[in-house]
Amino acid sequence: MTTRLTVPAPPEPVPVFDVGIDDKVRVSSAVGLGIQNILGMAGLLIFPALIGTAFKLSAADTAYLYGVTFMTSGLVVVLQSVLLLRLPIVQGPYAGSLAALLAVGHGRGGLGAAFGSMVVAGLIWCVLAIPLRRFGPITYLAKFVRDPIIAGVLVLILATQLTSTALPNWLGTPASPGFPWVNLLAGGVAAALVIALTLLPKGTLLRRGAVLVAVVAGTVVYAFLSPTSFGAVGENLGVTVPRIFPFGFAVRGDLVLIFFITLLPAIAESIATYDIVADWGGQELSGYRVSQGVFGEVLGSTVGAVFGGLSTLAYPDNIGLLRVTKVGSRYVTLATGVILLVLGGLGPFDRLLQAVPLPVLAAAGTVLFGVLFASAIDVLSGVHWSRDNLMLAGFPFITAIGGLFVPAATLKAMPTVVQLVLAQPLILGTVLLVVLKLAFGLRRS
């Protein structure tokens with residue numbers, strides 16, 4: 001008698017989203033979740049102020065930077081949600097472009113040459129990213145990035161890099177009003193609420209709005225314990241009108257090269273993010289669709305630079321938010337884009353968002369960064385860890401993160417391009433991943 005062994009079928013993958021990518025939601029829910037998305041975009045709320053401080057811009061010019069940065073992000077988010085990529089990807093100002101701008105904007109030509117060169121670099125990427133159904137540079141890059149090791153390590157580097165903006169901003173500095181106990185308490189309330197509310201049963205309204213509720217509660221606690229001024233909200237009631245090259249215009253070849261290189265890791269990280277989110281939503285992601293997404297990203301970045309805004313990339317904070325809320329509807333990101341466009345033109349709303357204490361945002365972001373980090377580990381869990389793969393993942397990660405600890409004096413002794421590569425883990429990690437991946441591929445061929 002022959003005994004037949006029955007091999008159990010592998011378990012079906014558990015869907016990540018309770019609300020699918022193409023599912024529509026009520027307008028009220030979309031608006032609430034859209035505002036929550038914006039509160040998770042720390043760079044959107046911080047980067048314009050950093051530029052204003054670094055270049056000693058007037059309050060009016062800094063307010064203009066906020067407005068155009070909001071509008072640039074909103075434009076790209078709308079394009080991605082319903083016209084091009086059609087995924088729930090929120091895009092915001094890119095730290096690499098900020099670093100490049102701060103590094104070169106004080107040199108010959110000033111901000112005019114920096115933004116002008118950024119536009120030219122963006123136009124070159126627009127040509128490379130033109131969506132082609134058969135073949136194109138972005139289609140090839142997408143195949144490269146879709147290797148789970150490449151995608152996982154890129155997101156792992158990004159999540160680890162974000163730790164520098166998490167606990168440090170939560171604690172604050174001795175010069176900040178709430179340091180240390182008010183910052184810790186208000187931020188602790190926000191972080192605890194994010195964790196607690198996301199553990200509520202599926203479909204619960206508070207679970208979907210966990211970060212928004214947490215940020216509001218943390219802000220109330222902070223305002224109760226430390227002097228907080230919301231008086232400026234009613235000032236500057238005008239509308240922000242974008243101006244072409246508000247800081248002047250010039251182009252320098254070396255700066256074009258710097259901004260072109262700076263955009264590469266942003267594009268690679270965005271492609272990796274597209275793939276992860278599409279997988280969470282059970283959707284196929286063709287090379288043509290990826291090209292559409294990248295084209296929308298670099299087009300929006302180029303248009304933004306014309307008006308004095310920063311380049312954009314898929315925002316890691318909001319990817320973590322998708323995993324926490326389990327709402328994957330791209331119509332929520334459409335609402336986010338529309339809200340960003342509106343807020344970018346209205347001074348009082350910009351000032352209201354600026355009034356949210358940074359420690360509260362950082363504490364809520366810490367939870368999201370942790371989820372993003374764990375999601376990268378989840379992507380890497382399916383990798384066969386051969387000797388080559390261990391080397392491919394380990395060396396770029398350790399070296400890239402090590403760049404955060406290079407002394408400032410050492411960086412200043414390097415050429416500008418080298419400074420940017422070493423100081424930005426995502427740039428350094430991308431370069432090393434590309435070089436090692438190609439080297440290992442050539443060895444096998």
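The values are calculated or read from the model by the stated rules, or taken from the named source; none is laboratory data. No experiment lies behind these values; they were computed from the predicted model shown. Positions of Cβ are backbone-derived with ideal geometry, glycine not excepted, and every protein chain shown enters the neighbour counts. The area values use the complete protein model at the heavy-atom level, side chains included, leaving out ligands, DNA and RNA. Shrake-Rupley method; radii C 1.70, N 1.55, O 1.52, S 1.80 Å.
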Which of Met71, Met118, Met391 moves most in a GNM of the chain, Cα contacts under 10 Å?
Met391
Taking a ≥ b ≥ c as the square roots of the Cα gyration tensor eigenvalues, with a/c under 1.5 meaning rounded and otherwise prolate when a/b beats b/c or oblate if not, segment 20-135 comes out oblate
Any DSSP H helix in the chain with Cα axial reach of 30 Å or more and mean Kyte-Doolittle score of at least 1.0? Listed by number, the hits are 253-280, 358-380
Under a GNM of the chain (C-alpha, springs under 10 Å), which listed residue has the highest mean-square fluctuation: Pro131, Pro407, Pro242?
Pro407
Under 5 Å, built H, 5+ apart or other chain: amide partners of Gln91:
Val77, Tyr315
Answer with one residue from Ser270, Ala362, Leu341: the one whose Cα lies farthest towards the positive end of the charge dipole of the chain, charges on Cβ with Lys, Arg +1 and Asp, Glu -1.
Ser270
Given a 10 angstrom Cα cut-off, can you work out which residue in Ala217, Ala142, Ala166 is the most mobile in a GNM of the chain?
Ala217
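With only Lys, Arg, Asp and Glu charged, each at its Cβ (+1 for the first two, -1 for the last two), find how big the charge dipole of segment 232-346 is about the Cα centre; round to the nearest 20 debye.
Details: 6 positive and 8 negative charges, 39 e Å.
Charge dipole of segment 232-346: 180 debye, to the nearest 20.
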Expressed as a whole number of Å, what is the distance separating the alpha-carbon centroids of segment 266-335 and segment 54-102?
13 Å
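Protein chains only, probe 1.4 Å: how do Thr198, Thr325 rank by accessible area, largest first? Present the calculation step by step, with values, prior to reporting the outcome.
Numbers: Thr198 30, Thr325 10 Å².
Reading off the accessible areas and sorting them downward yields Thr198, Thr325.
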Amide proton proximity set for Leu346, modelled H, under 5 Å, gap of 5+
Thr240
Using DSSP to define loop residues, name the chymotrypsin sites (Phe, Trp or Tyr not before Pro) in segment 288-345 whose beta-carbon has at most 12 other beta-carbon atoms within 10 Å.
none
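Pulled fully out, how much extra length does the chain show between Leu102 and Ser28, if you take 0.36 nm times their separation in residues and subtract their Cα-Cα distance?
Details: separation 74, 0.36 × 74 = 26.64 nm, distance 3.93 nm.
Once the chain is fully extended between Leu102 and Ser28, it gains 22.7 nm.
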Compare the Cα positions of Val27, Ala376, Phe47 along the charge dipole of the chain (+1 at Cβ of Lys, Arg; -1 at Cβ of Asp, Glu; about the Cα centre) and return the one farthest towards the positive end.
Ala376
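Express the carbon and sulfur contribution to the solvent-accessible surface of segment 80-121 as a percent, rounded to the nearest whole number, probe 1.4 angstrom.
Taking all protein chains in place, segment 80-121 shows 62 percent carbon and sulfur surface.
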